[in-house]
1. If you take the residues in the range 332-351 that are in contact (Cβ under 8 Å) with a residue 60 or more places away in the chain and over 17 Å from Ser281 (Cα atoms), which one is surrounded by the most Cβ atoms within 10 Å (Cβ to Cβ)?
2. Out of the residues in the range 509-520 that are within 22 Å of Asn139 (Cβ to Cβ) and in contact with a Leu (Cβ under 8 Å, 6 or more places away or on another chain), which is surrounded by the most Cβ atoms within 10 Å (Cβ to Cβ)?
3. Kindly state which strands (runs of 3 or more DSSP E) lie completely within the range 130-169 and contain at least 2 residues that are in contact with a strand residue (DSSP E or B) (Cβ under 6 Å, 6 or more places away or on another chain) and open to solvent by 10 Å² or more (accessible area, probe 1.4 Å).
4. Among the residues of the range 297-308, how many are at pLDDT 95 or above and open to solvent by 60 Å² or more (accessible area, probe 1.4 Å)?
5. Identify all residues within the range 223-243 that are touching a strand residue (DSSP E or B) at 6+ places or on another chain (Cβ under 6 Å), buried (at least 17 other Cβ atoms within 10 Å of the Cβ) and within 19 Å of Leu52 (Cβ to Cβ); write none if there are none.
6. Confirm whether Ala220 is of a type in the set (A, V, I, L, M), more than 20 Å from Gln283 (Cβ to Cβ) and open to solvent by 10 Å² or more (accessible area, probe 1.4 Å).
7. Counting only residues that are charged (D, E, K, R) and out of contact with any Ser or Thr (no Cβ under 6 Å at 6 or more places or on another chain), which one in the range 192-217 is least open to solvent (accessible area, probe 1.4 Å)?
8. Quick check: is even one residue across the range 536-553 buried (at least 24 other Cβ atoms within 10 Å of the Cβ), touching a residue at least 60 places away in the same chain (Cβ under 8 Å) and either among the hydrophobic types (A, V, I, L, M, F, W, C) or under 30 Å from Phe40 (Cα atoms) (or both)?
Amino acid sequence: MMRIVLRGMITPLLVLLLMGATSTSEVQFVDVTQQSKVDFKQENSATSNKYLIETMGGGVALLDYDNDGRLDIFFTNGGQIDDPMPDGKTLDKSDKRFWNRLYHQNADAKFTDVTERAGLSGMPQGFYSMGVAVGDYDNDGFEDIYVTGFGGNILYHNNGNGTFTDMTKKAGVSAGGWSASAGFFDYDNDGKLDLFVTRYLDWNFKTNRYCGEKRPGYRAYCHPDNYDSMTDVLYHNNGDGTFTDVSGKAGIANPHGKGLGVAFADYDGDGYTDIFVANDSVQCFLYHNNGKGTFTEVGLLAGVGYNEDGKTFAGMGVDFSDYDNDGLPDLVITDLSNERYLLFHNNGDGSFRDATNQSGMGSATLSFSGWSTHFFDFDSDGWKDLFVAQSHVMDTIEKTSPNLRYLEPPLLLRNQSGHFGRVLAGEVFQRAWAGRGAAFGDLDNDGDVDIVVSNVGQKAYVLRNEGGNGKNWVGIETVGSRSNRDGIGARIKVVSPSGLTQFYTVNTAVGYLSASDKRVIAGLGDDPTAKLIEIRWPSGIVQKFENVKARQFLKAVEPAQ
């Protein structure tokens, strides 16, 4: 038997190789942060008091805010925290390094910081920003932005001229408390985007506790068990620029959640969008849409409230997508090391089963801690793969658990007909980060999905998918008429001539604190066409396109009938 002796520091790359990662991939992600001129750093204002908000930001969004056909990037940022923070003092974002940031993509693929002109710094409001949601809430053809945070939330209306206006007070969507992820969706299919906001803990600077050991340097961020929970919030779009808080009436004002991630899909195919909330160390929520303006929480009954051992987990990021091409949306939820990222397979009868270990995801993720995540087909073979931005929540974890690391490399899992295995698709997957938010979209419009990651207390990075395997693809951009203009909630089926069928839901809310490109990109492998593209709009209209040529974006406008 060969005996291997390891000396010195075990690097993230070595950890991956020892755990069975494939070290090469025909597709490579290239770090283009420097050449793209994106120079954002998430300023978390870390203190010796270990205020919990310091380790939980920040979000990132990909959107085309000016409709020039190129995706732009928006980052949320923190605020100045005193050490210690005096009771009653408000957060300060006057220093430009704490501003939220909007980067406009130019024709040369470089980005320009247009935050000040756009009016999106968040400085006047003075909140510690967390998450971001994107959607055209007034159906005027321009994407609007909702920013969550500690201290308050902000709804920015896109004026269509490169600027935004704070409409929070008029719209009635401030939420309050500590808000985390948020997402736009149309829960009643009335053609107007509604808004769901997760809220994390009943926490403030005054109630911040001392956690961890009393030795110098061993103080730690507190576990959420030390604080009470908060209700999430559902806002109904009234169609006149205002929203109504219908949380209690709709049945989602559950007082027992500690919500971090949220995702939307019609998991039972009844034509109404359902909601999944990833809660931190308490039962996760699955809200079944009853189709009458109300929801029923069925997480326990459906088998997604706990893991297969009946235990809670530190739910953080989530995606609600069909990973095995059976037409049913499945769930992936990231959590902390030693918990395994959870994969729940949709059984088609209203229930789910824990497929974490069977799919290979358990062994691939046991030692990691994950945040934002998304199922997408990075190699265009027709199967949705998985990316996770990773890092432990505790920056002192190595002192108490020497086998773990605070900084971790991002994780890329290739989907091989429903079974997942690690791949290293570029040098960035060998570097360690404090990953939090991540957004996904085709930055260069070449038919493969690129990634932007925000790291707490570090600079962000931009990954360009080189798409080196030469496979075909087709992109679908939905424009609603009777449905909401974004087409959010539309269900898309793509059938290839070779027989592979894929299913997608148009959405922007995925992962953790983040918002992604709403366009769907389906890999076609070696097929030169998509035999059939079928779109089931939220209005109930079914639209079909046949023999769509590969390597193009199809703009699908909902029929007016």
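The values are calculated or read from the model by the stated rules, or taken from the named source; none is laboratory data. Quick caveat: nothing in here was measured; it's all calculated off a predicted structure. Cβ sites come from the backbone with ideal geometry, for glycine too, and all protein chains shown count toward neighbours. Accessible surface is based on the protein model in full, side chains and every heavy atom, while ligands, DNA and RNA are left aside. Shrake-Rupley method; radii C 1.70, N 1.55, O 1.52, S 1.80 Å.
1. Filtering first and then ranking leaves Asn346.
2. In this case the residue turns out to be Ala515.
3. Values: elements: 144-150, 154-158, 164-166.
Fully inside the range 130-169 and qualifying: 164-166.
4. Residues that pass the stated criteria total 3.
5. Matches in the range 223-243: Pro224, Tyr227, Met230, Asp232.
6. yes
7. Kept after step one, since they are charged (D, E, K, R), are these residues of the range 192-217: 192, 194, 199, 202, 206, 209, 213-215.
If we keep only those that are out of contact with any Ser or Thr (no Cβ under 6 Å at 6 or more places or on another chain) too, we end up with 192, 194, 202, 206, 209, 213-215.
On the way: Lys192: 50, Asp194: 0, Asp202: 85, Lys206: 147, Arg209: 116, Glu213: 75, Lys214: 156, Arg215: 122 Å².
In this case the residue turns out to be Asp194.
8. Looking for residues that are buried (at least 24 other Cβ atoms within 10 Å of the Cβ), touching a residue at least 60 places away in the same chain (Cβ under 8 Å) and either among the hydrophobic types (A, V, I, L, M, F, W, C) or under 30 Å from Phe40 (Cα atoms) (or both), one finds none in the range 536-553, hence no.
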